[in-house]
Structure formats: C-alpha cells, structure tokens
Amino acid sequence: MGRLVGREIERARLAGLLDAARAGLSGVLVVHGPAGIGKTSLLDEAAAAPDVEVLRVDGVESEATLGFAALHRLLVPVLDHRDRLPPRQRAALDATFGLGEAPPADRFVVGLAVLTLLAEAATERPLLCVVDDAQWIDRESLEVVSFVGRRLHADRVVLLLALRDPEDGPPALPDGLAALPVGALDAAAARQLLTEVAAVPLDADVADRIGQVTEGRPLAIVELVGELSGEQLTGAGLLPEPLPLGARLEGQSGEKDHTVPWAIADAAYEKQRRNDGVTEILEVPGRGHSLTIDHGWREGPTRRWPSSSASPRRSARPTDDSRDVDHRITEVDRGPPRRSRPAFH
C-alpha cells in the first residue's frame, strides 16, 4: 500500500525492537487488529530493514490443520544450521519435520531446538522472524513460536506476529507475549491517505462518503479508490450503491462475509422493499424496520451483491434525502455460522 500514513507510534515500536536486536538483545511483539487495518504493511516495513536477516511465514488457512506446517516453512532457510544443535534437540527437530526415523519428540525439546536454531542463525547479524496471518497457522506451530517468544532474551532475534482480531469479542492473544493493537486511522490520517492514493482532486462530499464507508481501514481506502473512476472521485459522476471495496479486502476474511453492506443503510425504505434480496420486512414498533435477508440471494445465479467488509454493526442513521422514512436496520440474517478456527483466532 505504499508509504505508511498515520502509524508513527506503531512504526516507532517496531523500529525500537530492531534497534535493540542490533545492540544484542531480543524482542517479541504481537501486532493485532481487524482485517485491512495495516498489520501486514507494518511487518513489511520492518522486514525491509537492510541489515537484518529475515525469516517469514504467512498463515495459509488450508494448512491450519497440518501440525508444524507453518513452523517448517518458517525454518526451511536455516535448517542447514541444525548440525550445530545438541544431539537431543536435533533429533527432536528432525523427528518433527520427518527428517529422521525417530518417533514424535517431546514438545518442550522441540521448542528448545527452535530457540537454539534461531540463536545460531543470528550469530552474524540480527534475525527477524515474521509470522503474518497467525490466526491461520496450525496450533502446534503457534505453540512453539509462542514458547520461543517467551524465552528470547539476548539472542539478537526479533519475533513479530500479526494476528487478526475476531469480528466479535476480544482477541485471543498468545499468553505472555507483548501485544500492540492497531486501530483505525484517525480522520486526518485517513483523509491524507485518501488524497495520496487518488490521482485526481477529490470532491469533498465524495471524500466524506469514502471515509464513512471505509471506517479508517487503509486497505479499504486504497481498494475503494481503485474501484472508482476519475469522474466519480471528482464528483462529476454518481457513486455506485453500495460502494465496492474490492476482492482483496474480502479475501482477507478467508471466506465471504454474508452481512448486508453498510451502504445499504443509506437507501430509502421503499428502495429496500423493492430489493429482491429482502425476503421479509418486519415492522417492529419503536425500533424501525427489521430486515430479514435471504442468504442464498447474494451468490445466486441471477444476481450478486458487491462485497464489502464495511458491514452494519449498529443502527443506521437515515440520510438527508430519506428522513421521512424510518429505515434503521436493526437485525439481519448473517447467514450460516462461520467455520471453527484454530486457537488464537
């Protein structure tokens, strides 16, 4: 996403860890926040430091049930250093990765082997280990990485994990590791990013609309600007409804989001009544209209609603042109329950 905007505190925290590693110390940090908030961009900037060795693994949801799969991908570049490990630790690591005939090893010894291996790999220059999308790595790998993180001290190793917060409820962070929450950009930073990524002068009303829909998420801002034409950005053309946020942001959730896009709340009630995706509209005295959405229509053969992660999480306020109609969305059918996730999701 190019230059980071509005992340001075977060960038300083990560830079401080790298400076400490250059001085012979170690550090660990779990960067967490919602999808599209900029966690990966922060990790990318840290990994671009010219004087550090980088090991990196990105979580892959399809491998979340394969024990030690992520740990193996992380350590492949330094596995040739395992001959420096104590015999018992090397045997444990070989057994874990299927490199020997020994039975599965004790998890504690495996953790010690990884800790020693990383320390050996950092003898020449500082080592940065990056685990992105940690909510999708297998439980065994996450347990070992957390074990190592709790024992790093003066090894010239920095361990950074990026973990997505769940949509509801507090994040389940690994025990004993320092954490850095990454929140939405403030209004000034969001407007600055919006101005930088747009190739044309922005209409003030359009900029406000984009800011409202994207809710301070950098990826959403970049994606949405890329979906709109120059005429739409300058106010000369009508904006689509709902505003599209692009496939990349939807893909970050690992599965489709079946909630109604937030922009649907800006249309008048009669427009919703005519929408063929609304199968039932319930009149609730004192609460406005509760919309029940047919899950099947969104991906049906005849119509597909543009995706958006900016979904309603609260009652929507009527727009100026629809104040004569109470169309607050108070309840939606969110579709089937999401699949279960591994620990620390």
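The values are calculated or read from the model by the stated rules, or taken from the named source; none is laboratory data. What you see is a predicted model, and the numbers here were worked out from it, not measured in a lab. As a convention, Cβ positions derive from the backbone with ideal geometry for all residues, glycine included, and neighbour counts pool all protein chains shown. Areas reflect the complete protein model, heavy atoms only, side chains present, ligands, DNA and RNA absent. Shrake-Rupley method; radii C 1.70, N 1.55, O 1.52, S 1.80 Å.
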For the stretch 90-242 (alpha-carbon point model, no solvent) the Debye-based log₁₀ I(q)/I(0) at q = 0.09, 0.11, 0.16 Å⁻¹ works out to -0.51, -0.65, -0.91
Which parts of the stretch 120-153 would a label at residue 60 reach, counting a residue when its backbone N lies under 19 Å from a point 7 Å out along Cα-to-Cβ? 130-143, 145
Quick shape check on the stretch 1-141: root eigenvalues a ≥ b ≥ c of the Cα gyration tensor, a/c under 1.5 is rounded, otherwise prolate if a/b tops b/c, else oblate, and it reads oblate
Over the stretch 81-182, average the accessible area per residue using a 1.4 Å probe and give it in Å², no decimals. 44 Å²
